[in-house]
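Bear in mind these aren't lab numbers, they're just calculated from the coordinates by the rules spelled out. Remember, predicted model here, so these are calculated numbers, not experimental data. Positions of Cβ are generated from backbone atoms using ideal geometry, with glycine treated the same way; all protein chains shown enter the neighbour counts.
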Amino acid sequence: MARLLGVIGVLLFCAGLDLLWQSRNDLLYWLSSYLKIFRGTLKVPQASPRDAWAARKSLPPLPKTQPHRTVAMVLGVGLAFVGPLLIMVSLVILLYPKM
């Protein structure tokens, strides 16, 4: 049981890395978008997130290149995080079987 859990953890981690690798080109888009929103909050220091979003809209738009793989990135990060957790759980089960 514990070994199977470890194998599933390795597979989930590899699947997460694969999804992140496939969406690596969109990382620059999300980084520049975040920086624009962050700069908008610096221009209006006491602004709420809605005001920062309005300040971001006043900046020049980002170039449209291709659809952005947001779901793939979020799912990839999630799987790359859950995989090692399953591996650690399987190691705990193997090392401490009487808990």
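Between Ala15 and Ser32, the simple spin-label model (points 7 angstrom out along Cα→Cβ) gives 3.3 nm. In plain terms, the chain from Lys43 to Asn25 could stretch by 3.6 nm, reckoned as 0.36 nm per residue minus the Cα-Cα distance.
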